[in-house]
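One structure is given below, encoded as structure tokens.
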Amino acid sequence: MNSIAIFGVFMGDEAKARVTHWMAKDYDYIVRFGGSSNAGHTIYDNGLKIVRHLIPSADFSALNNKAFLGSGMVINVEELLSEVKDTENMFPGAASRIIVDPDAFVIKQHHIIEDREKNVGRIGSTGKGVTPSYRDKINRCGIKIQNLIDQNDETINELKKLGVQFKYVLELKEEFKKSKIIFEGSQSILLDPNFGSYPYVTSGECGLGGIINSGFGFVMPHKVYGICKAYSTRVGEGPFPTEIFGEEAEKLRELGGEYGATTGRPRRIGHLDLPALKYSCIKGGITDLVITKFDVLNNITSVPVATSYDKEPVSGKDFFTSKPNYTNVDGWKDAKDIKQLSKFIELVESNVGVPVKFISCGTGKSDLISI
């Protein structure tokens with residue numbers, strides 16, 4: 001079947017959850033293959049703002065949608081229970097369409113305590129216990145969801161009572177092979193620990209390797225959508241070659257609502273970075289681009305875009321020292337006027353070598369426009 005993947009291409013907060021939710025009605029399963037509750041995913045459903053952390057961005061108003069939490073995730077089951085209850089309240093019956101792979105690992109309270117004591121402020125940790133849990137996984141001393149099931153864990157039993165299912169990937173292999181799947185990335189390509197801006201990265205895999213390693217090698221996506229904004233943001237520390245400051249940054253931050261969905265931290269602001277975008281598209285296997293938040297840049301006379309560095313990036317370490325060169329593109333009054341945006345889109349495609357297939361100009365489903 002025709003399945004797709006949706007990845008953020010920069011450093012998170014590109015509205016990939018919103019795009020996933022917009023597309024979800026045409027698919028059967030929305031799969032989160034890795035990551036944890038350190039990432040917030042904001043979606044809008046008929047004017048209702050919903051922030052999810054663990055449950056994939058399925059559209060539970062579409063009765064065909066199911067959500068699968070894969071084995072590459074590390075899960076705080078108490079947080080999952082709270083999120084399932086909220087989702088069930090909004091969409092009665094949704095809990096029975098949420099499935100968790102028992103091979104996923106667990107975040108325990110001691111992971112959270114360690115994370116908060118050691119890492120907050122050093123690399124932008126959210127203090128959710130994610131890194132210590134992944135460390136225990138690699139050290140072969142972690143706890144799996146299956147262990148909690150075997151222990152007759154109270155929270156797991158509550159999840160079951162609500163209707164949540166616990167099934168391994170291979171138990172659903174034939175169903176997955178017949179289904180249309182969206183693989184939704186939790187984090188973004190430049191936060192991948194293998195080729196992102198290490199050590200300012202996340203702990204789980206963010207690209208196609210994460211899909212394979214969570215057991216879905218038999219239903220790999222035929223298209224990989226990379227999601228980016230018409231400008232750039234970053235939360236926490238780490239390199240940011242196109243970062244801007246002062247009044248210009250503050251204006252975009254307020255217009256774009258650039259505050260972390262998990263922590264509320266103000267996001268750092270920068271211009272669109274095409275060398276970084278090209279690097280991410282190559283590393284992430286991106287076949288098509290979706291550019292979001294064009295409407296935030298409405299009525300700006302001239303829009304700066306970084307089109308080159310002093311040295312083309314070949315590794316995550318290059319983003320620490322790169323100096324960008326800029327091209328100014330004519331601005332637009334109405335982000336839904338494709339003719340006004342044509343120079344901007346052409347500049348992206350010519351520099352990155354990947355076609356822009358959709359743009360987003362707001363939060364409503366009608367604001368996702370096919371190019």
Q. Hey, of [x] 1.02; [y] 0.96; [z] 1.08, which did the structure itself give for Cα Rg over 2.2 N^0.38 Å when calculated?
A. [y]
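Find how much the distance from Thr301 to Leu162 grows on full extension, using 0.36 nm per residue of separation minus their present alpha carbon separation; answer in nm with one decimal. All intermediate terms of the calculation are to be shown ahead of the outcome.
Details: separation 139, 0.36 × 139 = 50.04 nm, distance 5.28 nm.
Extra length available between Thr301 and Leu162 comes to 44.8 nm.
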(Q) Within region 4-26, list the residues whose amide N lies under 20 Å from a label point set 7 Å along Cα→Cβ of Leu48. (A) 17-26
Q. By its C-alpha gyration tensor, with a ≥ b ≥ c as the square roots of the eigenvalues, how is region 250-305 shaped: rounded for a/c under 1.5, else prolate for a/b larger than b/c, else oblate?
A. oblate
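Between beta-carbons, use under 11 Å as the cut-off and find the net charge around Asp26, counting Lys and Arg +1, Asp and Glu -1. List each step's numbers first, then the result.
Values: positive: Lys25, Lys180; negative: Asp28, Asp59.
Here the charged neighbours net out to 0.
By how many nm would the segment from Ile282 to Lys333 lengthen if fully extended, with 0.36 nm per residue of separation less the alpha-carbon distance? Mind dumping the intermediate values first?
Details: separation 51, 0.36 × 51 = 18.36 nm, distance 3.24 nm.
In short, 15.1 nm is gained.
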Q) Within the accessible area of region 266-371, what % is carbon and sulfur when the probe is 1.4 Å and the other protein chains stay in place? A) 51 percent
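Tell me, what is the per residue accessible area of the chain in Å², probe radius 1.4 Å? Mind showing how you got there, number by number?
Numbers: 15220 Å² over 371 residues.
Normalised by residue count, the accessible surface of the chain is 41 Å².
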Q: Give me the distance in nm between label points sitting 7 Å out from Cα along the Cα-to-Cβ direction at Glu174 and Ser366, one decimal.
A: 4.4 nm
Q.
Please report the carbon-and-sulfur percent of the accessible area for region 1-114; probe 1.4 Å, protein heavy atoms only, DNA, RNA and ligands left out.
A. 49 percent
Q | Additional length obtainable on full extension of the chain from Glu250 to Ser315, 0.36 nm per residue less Cα span | A | 20.4 nm
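The values are calculated or read from the model by the stated rules, or taken from the named source; none is laboratory data. Everything numeric in this text was worked out from a predicted model, so none of it was measured. Heads up, the Cβs are rebuilt from the backbone with ideal geometry, glycines too, and the neighbour counts pull from every protein chain shown. We work out accessible area using only protein heavy atoms, side chains counted, and drop any ligands, DNA or RNA first. Shrake-Rupley method; radii C 1.70, N 1.55, O 1.52, S 1.80 Å.
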